[in-house]
Amino acid sequence: MSQYRIFNHDDAIAYVRQAAQLDSAVVLQGEEIGDGNLNQVFKVWQPGQAKGFIVKQALPYIRCIGESWPLTRDRARIEAEILLYHGQHCPEYTVAVLHHDAELSTILLEDLSDLQVWRQALLNGQHVAGVSEKLGVYLAQVHVHSSDFQLDYHAQRTAQLRFANPELMAISEAVYFVDPFCDHERNNVAPEIRLEAEQLWADQALKTRVARLKHDFRCKGQALLHGDLHTGSVMVGAGKLKVIDAEFGGYGPMGFDLGVIIAHLLLNFCAQPASRQQPQRIKDVQALWRSYKIQFFQQASQGADSSLAEPEVIGAFLRQVWQDALGYAGCEMIRRTIGVAHVADIDTIADPIQKAASQRQALALGRTLIMNADQLNDAQLEHTALNIALKESFKP
């Protein structure tokens, strides 16, 4: 069946039939369900059955922009291999890869239609208990088992080469650490916060800190990252969690994955002034970090290298991971407010005054995280976020 072509729903059905080895007599139907920026996504199922299969296909360009921004289709192979590796070490919380066709740039995935996107749950004001704790376990498991806490030198260097993802990680570098900190043509800056954006662009102390984070992102290959772990990449339900969409993954600093998800919880915090759910977002961040620390310590202390398994070594390492996470969280908050891609949490606010206040709050909190990452623990983060929320809410 191979020979690359851009799928329609009939192609997706044919691919499922072949990959899942279904009899030709089995009736299948399909539809496109994707709403992402990069890829096509189809659901294929048998009539009368609620669950079926998910087909994800990489296009030779960025879907939301078009053919003017070409992009490697090899990202489908990289994503499939990352999900398989993460699934090997944390199968409970990683979407299952059922088949991969490198030539067609397709991945066949388990159908998670019984779950909902975590972002949507948050936008609906729902608190799904235990999500942060489960996500902390997932991250600790996949980080430790792809790091030098579990792999010897040769194995880790081999993995770094195997999972090299230069094209997509270069995009991440640009949209996280370059574009939002200058007046770049790709930025999307609301007129109401143009002044605050220009102040950030002129803030040399901030840009110096961001440059250090950028350097670490490129050079600190600590673990096999998910690479884009926001609340839209997490599917949740009662007692269940599955992580999806790892195409931006590769080796990098552990704090990056943590920072991205922390940022999206804090962006939701900024979007909900005076809401009963707002304090819960800080509790979610704290629960995520505490779960990560416990699981990380447990896994790292069982490593083959006794010197790295020392409690003092692990503790010092985790303190640096937390500082890195805060810095990357700050970059993500800023880029999701004035960069090319925003978040629905804030962009769907109907009241323009409230929306601008939430955007200013996100920028202020993002800058504070970057500049004070070495001074804030998870308890102090709550005090800092609430103070900034209060201050920004009184601005005209």
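Each reported figure results from applying straightforward, stated rules to the coordinates on display, with no laboratory input. Everything numeric here is computed off the predicted structure, so don't read it as measured data. A quick note on method: Cβ atoms are made from the backbone with ideal geometry, for glycine too, and the neighbour counts reach across all protein chains shown.
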*For R63 and D114, what does the FRET efficiency come to when R0 = 30 Å and r is the distance between their Cβ atoms, rounded to the nearest 0.05?*
0.70
_Hull-based mean projected area of the stretch 189-282, where the convex hull spans the alpha carbons, in square nanometres_ = 8.4 nm²
_Just to confirm my numbers, what's the Cα centroid distance between the stretch 2-74 and the stretch 184-238 in Å?_
31 Å
*Between R319 and Q354, what length in nm is gained on full extension when 0.36 nm per residue of separation is reduced by their alpha carbon distance?*
9.0 nm
*asked:* Going through the cross-link list K283/K355; K240/K293; K220/K240, which pairs have a Cα-Cα distance over 29 Å in this structure?
replied: K220/K240
*Among bridges DSSP assigns within the chain, what percent are antiparallel (round to 5)?*
95 percent
*Figure the gain on full extension for H154 and D10 (residue separation times 0.36 nm, minus the Cα-Cα span) and round it to one decimal in nm.*
47.4 nm
*If you bin every alpha carbon distance in the chain into 10 Å steps from zero, what whole percent lands in each bin?*
5, 23, 32, 26, 12, 3, 0
*Output the relative contact order of the chain, whole-number percent, from Cα pairs under 8 angstrom with separation of 6+ residues.*
16 percent
_I'd like the Kirkwood hydrodynamic radius of the stretch 1-63, using the inverse of the mean 1/r over distinct C-alpha pairs, in Å._
12.2 Å
*By count of other Cβ within 10 Å, fewest leading, how are K207, K56 ordered?*
K207, K56
*Proximal lysines relative to K242, as straight alpha-carbon distance under 19 Å, when same-chain residues fewer than 8 apart are discounted*: K43, K51, K56, K134
*To the nearest 10 degrees, how steep is helix 278-300 against the longest Cα principal axis of the chain, on a 0 to 90 scale?*
70 degrees
*How long, wide and thick is the stretch 21-140, going by the Cα atoms along their three principal axes, in whole angstroms, largest first?*
40, 39, 31
_Ignoring everything except DSSP H segments at least 4 long, calculate the 222 nm mean residue ellipticity for the chain; use -39,500 (n - 2.57) per segment, divide by total residues, nearest 500._
-16500 deg cm²/dmol
*In degrees between 0 and 90, to the nearest 10, how far off the longest principal axis of the chain does helix 153-162 point, with axes built from Cα atoms?*
70 degrees
*What's the exposure ranking of I244, I261, going from fewest to most Cβ atoms within 10 Å?*
I244, I261
*Put a dot 7 Å past each Cα toward the Cβ at E31 and L98; how far apart are the dots in nm?*
1.9 nm
*asked:* Given Cβ point charges of +1 (Lys, Arg) and -1 (Asp, Glu) and nothing else, what value in debye, to the nearest 20, does the dipole of the chain about its Cα centre take?
replied: 660 debye
*Over the stretch 9-110, relative contact order from alpha-carbon pairs under 8 Å, at least 6 apart, %*: 21 percent
*Looking only at the stretch 100-133, which residues have a backbone nitrogen under 15 Å from a spot 7 Å from the Cα of Q49 in the C-beta direction?*
109-114
